[in-house]
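A.B. asks: Sending over a structure as structure tokens; questions will come in a sec.
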Amino acid sequence: ESALPGVVAITNISVQEVRSYFNRFGPNGAGQSQMEETTSCGSGVIFSMDDTYLYIVTNQHVVDGATTLSVSFVDNAVCEAQLCGTDADVDIAVLKVALSNLSADTLSQITVIPIGNSDELDVGEQVVAIGNALGYGQSVTTGIVSALDRALTSENGTTSTYIQTDAAINPGNSGGALLNLDGELIGINTAKLSDTDVEGMGYAIPSNQIKPTVESLLETGTQPQPYIGITGTNASLYN
């Protein structure tokens with residue numbers, strides 16, 4: 001209950017190239033490509049506030065390619081957000097919302113979620129996931145920590161370790177909160193295994209991985225990547 005006002009819904013409006021099917025008699029029967037505006041939804045967590053801005057952490061894939069980002073708060077107030085920076089390797093992004101754009105009523109209802117220590121988690125410990133599931137608004141699911149330091153490799157080839165949980169993680173939950181029973185943020189929900197033979201395998205980025213990434217993004221806007229050779233070639237696996 002105390003954490004619900006600290007979780008937000010994020011709407012990403014982007015422009016993507018799609019293939020038109022109204023002209024199917026071109027070369028090889030393919031239609032022409034055209035640019036279309038698309039909308040996708042995710043979640044975010046309010047983790048900090050100063051005298052000017054409210055800061056929100058979410059997944060990088062939630063904000064990827066955005067031309068406009070908006071945030072919906074617990075009272076359904078909607079406000080445009082600015083992107084502070086992203087780190088694709090960790091799949092973390094930081095947004096900020098100007099406090100001057102929020103009403104006194106909204107400010108009185110929202111809360112900052114305290115960040116817990118993910119290294120103190122135990123397998124079998126009960127956890128709660130909150131997020132904007134399917135874009136319908138906030139939903140709460142519960143489960144346990146199924147495994148710690150579970151290694152997964154992304155489609156870009158980067159391997160990271162995650163908290164595995166059987167709390168239901170659905171589309172739109174990405175960027176939402178995984179909480180311990182003290183209401184502390186111990187992970188950002190980011191992925192799930194989806195297959196007819198798979199049940200209850202969701203994954204969250206541990207809070208102790210999130211904190212240094214967020215600090216770096218607030219300072220520089222990007223997470224420093226390693227360089228190799230004398231020409232300064234970026235060695236990021238995502239490039």
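The values are calculated or read from the model by the stated rules, or taken from the named source; none is laboratory data. Note that the structure is a prediction, hence the values are computed from the model and not measured. Please note: Cβ atoms are built from the backbone with ideal geometry, for glycine as well, and neighbour counts cover all protein chains shown. Note: areas computed on protein heavy atoms with side chains; ligands, DNA, RNA excluded. Shrake-Rupley method; radii C 1.70, N 1.55, O 1.52, S 1.80 Å.
A.B. asks: Those residues that are surrounded by 15 or more Cβ atoms within 10 Å (Cβ to Cβ) and either among the hydrophobic types (A, V, I, L, M, F, W, C) or without any contact (Cβ under 8 Å) to a residue 60 or more places away in the chain (or both), I need them from the stretch 84-98; list them, please.
C.D. replies: Cys84, Ala88, Val90, Ile92, Ala93, Val94, Leu95, Lys96, Val97
A.B. asks: So which of Asn173, Asn189 ends up being surrounded by 14 or more Cβ atoms within 10 Å (Cβ to Cβ), touching a helix residue (DSSP H, G or I) at 6+ places or on another chain (Cβ under 6 Å) and at pLDDT 80 or above?
C.D. replies: Selected residue: Asn173, the only one of Asn173, Asn189 that is surrounded by 14 or more Cβ atoms within 10 Å (Cβ to Cβ), touching a helix residue (DSSP H, G or I) at 6+ places or on another chain (Cβ under 6 Å) and at pLDDT 80 or above.
A.B. asks: Cβ contacts < 8 Å: first residue closer than 19 Å to Asp91 by Cα, restricted to the stretch 47-58; second residue open to solvent by 60 Å² or more (accessible area, probe 1.4 Å), any location; separation 6+ or different chain. Result?
C.D. replies: Here the result reads Phe47/Ile115; Tyr55/Met49; Tyr55/Leu218, each pair linking the stretch 47-58 to a residue that is open to solvent by 60 Å² or more (accessible area, probe 1.4 Å).
A.B. asks: Considering only the stretch 104-150, state which residues are acidic (Asp, Glu) and open to solvent by less than 40 Å² (accessible area, probe 1.4 Å). It would help to see each step written out before you state the result.
C.D. replies: Just the residues of the stretch 104-150 that are acidic (Asp, Glu), to begin with: 105, 119-120, 122, 125, 149.
Passing the criteria: none in range.
A.B. asks: Residues of the stretch 56-83 being in contact with a helix residue (DSSP H, G or I) (Cβ under 7 Å, 6 or more places away or on another chain) and open to solvent by less than 50 Å² (accessible area, probe 1.4 Å), which ones?
C.D. replies: Passing the criteria: Val57, Leu69, Phe73, Asp75, Ala77, Cys79.
A.B. asks: Right, next: Between Thr86, Thr67, which is among the hydroxyl-bearing types (Ser, Thr, Tyr) and over 20 Å from Ala191 (Cβ atoms)? Steps first, answer last, please.
C.D. replies: Numbers: Thr86 fails: over 20 Å from Ala191 (Cβ atoms).
Answer to the selection: Thr67.
A.B. asks: Residue by residue through the stretch 115-147, note down the ones that are free of Cβ contacts under 8 Å to residues at least 60 places away in the same chain, more than 19 Å from the chain's Cα centre (by Cα) and in a helix (DSSP H, G or I).
C.D. replies: Once the filter is applied, which keeps residues that are free of Cβ contacts under 8 Å to residues at least 60 places away in the same chain, more than 19 Å from the chain's Cα centre (by Cα) and in a helix (DSSP H, G or I), the stretch 115-147 yields only Glu120.
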